[in-house]
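Notes follow the structure.
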Amino acid sequence: MNNFSHTSVLLFECIEALNIRDGFTYVDCTTGGGGHSLEIAKRLGPNSRLICFDRDKDAISAASERLKDHLDKITFINENFSSLERVIKEYRIDNLGGVLADLGCSSYQFDTPERGFSYMHDARLDMRMDTDSPLSAYEVVNEYSENALKKLIYEYGEERFAPRIASAICKRRTEKPITTTHELTDIIKGAIPSAARADGPHPAKRTFQAIRIEVNGELDAIKPLIESAAASLVPSGRLAIISFHSLEDRIVKQAYKSLLGGCTCPKDFPVCVCGRKPIIKEITKKPTLPSEEELENNPRSRSAKLRIAEKL
């Protein structure tokens, strides 16, 4: 394993958001290199515990080393955070004080060529956060139908040239399988008009994002995570979610909104019959954004948004 280097985004804003108190269990759903987890662990009292999730074995290894001075208070779970509800039941956690999820990929995953996440490095198409997963970018690019590719590139990548890109991929793979990130990048570049490539982000950025989201099912687990966390938090327990693109942020906002709402009975009903009550409240109406200093020191934080909720 290469050095697992990752700069935690909105680090101290997250720690403040969690409002860490002794006597409670905290969960870092996306441990990565352990930056957020370390700051949580430093603040744990003698009767507190930290649960660290990550489906990337390299992340678990790196975090275990980084958190070695606090291992007596930490439990590592090498799984997707979609397992949160089961783990809470399995470990009989009835004092859940805070849940944190940083939904972005780690710098390590992007900067390690053999993981196949980045269009900046030439490597075999992969993009799996869990290297034991059967679905990789290779299967998506070479086996999905043209309509399926067009749909996921348009929806997950918000790429307006999705039809052209999907068509170009399918045409090329009839000649031979597309095996590397640079092969795919060249195909994408060729499918996008030169005028559109002159400005804006790298032409492959949106398509690579879309394929990565598909490979890892990144959007599927967000709403269930928020619902499970909200149901299990103790009163005044905190939920802090960092998103990095509009698709993630939209899901977080909508999930929060559904838990913020109370009675849904028609206004002309004399009494409530639905019995629905708000479960959480928002700590801030607008998301917390990186400071100018953080943006200067860590440009990858520029799209981060932190949304904080508290259990009622």
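The values are calculated or read from the model by the stated rules, or taken from the named source; none is laboratory data. Being a predicted model, the structure only gives us computed values, none of them experimental. Here Cβ is always computed from backbone atoms with ideal geometry, including for glycine, and neighbour counts include all displayed protein chains. When the accessible area is computed, the model is the full protein with side chains, heavy atoms only, and any ligands, DNA or RNA have been set aside. Shrake-Rupley method; radii C 1.70, N 1.55, O 1.52, S 1.80 Å.
Residue by residue through region 283-300, which ³J(HN,Hα) values in whole Hz follow from phi under the Karplus form 6.51 cos²θ - 1.76 cosθ + 1.60 (θ = phi - 60°), with glycine and proline marked x?
Listing the rounded values in order: 7, 9, 6, 10, x, 7, 10, x, 6, 4, 5, 5, 4, 5, 7, 9, x, 5 Hz.
When ranked by the protection proxy of mean other Cβ atoms within 10 Å per residue, highest first, what sequence do the peptides 188-195, 73-80 form?
Answer by packing, highest mean first, reads 73-80, 188-195.
Can you give me the accessible area per residue for region 1-139, using a 1.4 Å probe, in Å²?
43 Å²
Rounded to a whole number, what % of the accessible area of the chain do carbon and sulfur atoms account for, probe 1.4 Å?
In the chain, the share of accessible area belonging to carbon and sulfur is 49 percent.
What spacing in nm lies between the two simple spin-label points modelled at Thr131 and Lys286, each 7 Å away from Cα in the Cβ direction?
Roughly 4.3 nm, to one decimal.
Mind ordering 129-138, 301-310 by average Cβ neighbours within 10 Å, highest first?
The peptides rank, most packed first, as 301-310, 129-138.
Which of the pairs Lys42/Lys73; Lys57/Lys89; Lys89/Lys257 have their Cα atoms more than 19 Å apart in this structure?
Lys57/Lys89; Lys89/Lys257
What ³J(HN,Hα) values, in whole Hz, does the Karplus curve 6.51 cos²θ - 1.76 cosθ + 1.60 give for region 69-76 when θ = phi - 60°, with x put for Gly and Pro?
After applying 6.51 cos²θ - 1.76 cosθ + 1.60, I find 7, 10, 5, 5, 10, 10, 10, 9 Hz.
Would you mind classifying region 234-299 by shape? Square roots of the alpha carbon gyration tensor eigenvalues, ordered a ≥ b ≥ c; an a/c under 1.5 is rounded, otherwise it is prolate if a/b is larger than b/c and oblate if not.
prolate
Too long at a 25 Å Cα-Cα cut-off: which of Lys205/Lys311; Lys68/Lys286; Lys223/Lys311; Lys253/Lys277?
Check vs 25 Å cut-off fails for Lys205/Lys311; Lys68/Lys286.
Provide the gained length on full extension for the span Asp199 to Asn95, in nm with one decimal, where the gain is 0.36 nm per separating residue minus the Cα-Cα distance.
Full-extension gain reported as 32.4 nm.
Using Cα pairs closer than 8 Å and at least 6 residues apart in sequence, work out the relative contact order for the chain, in percent.
That works out to 18 percent.
Mind checking the per residue accessible area of region 216-312 for me, 1.4 Å probe, whole number of Å²?
Result: 55 Å² of accessible area for each residue.
Select from region 113-181 those GluC sites (Glu not before Pro) which occupy a DSSP coil region and have at most 14 other Cβ atoms within 10 Å, ordered by residue number.
Sites meeting the loop and neighbour criteria: Glu158, Glu175.
Which shape class applies to region 232-271: rounded if a/c is under 1.5, otherwise prolate when a/b exceeds b/c and oblate if not, where a ≥ b ≥ c are the square roots of the Cα gyration tensor eigenvalues?
Taking the square roots of the gyration eigenvalues as a ≥ b ≥ c, region 232-271 is oblate.
Can you classify region 102-222 as rounded, prolate or oblate using the Cα gyration tensor, where a ≥ b ≥ c are the square roots of its eigenvalues, rounded means a/c under 1.5, and otherwise it's prolate if a/b beats b/c and oblate if not?
rounded
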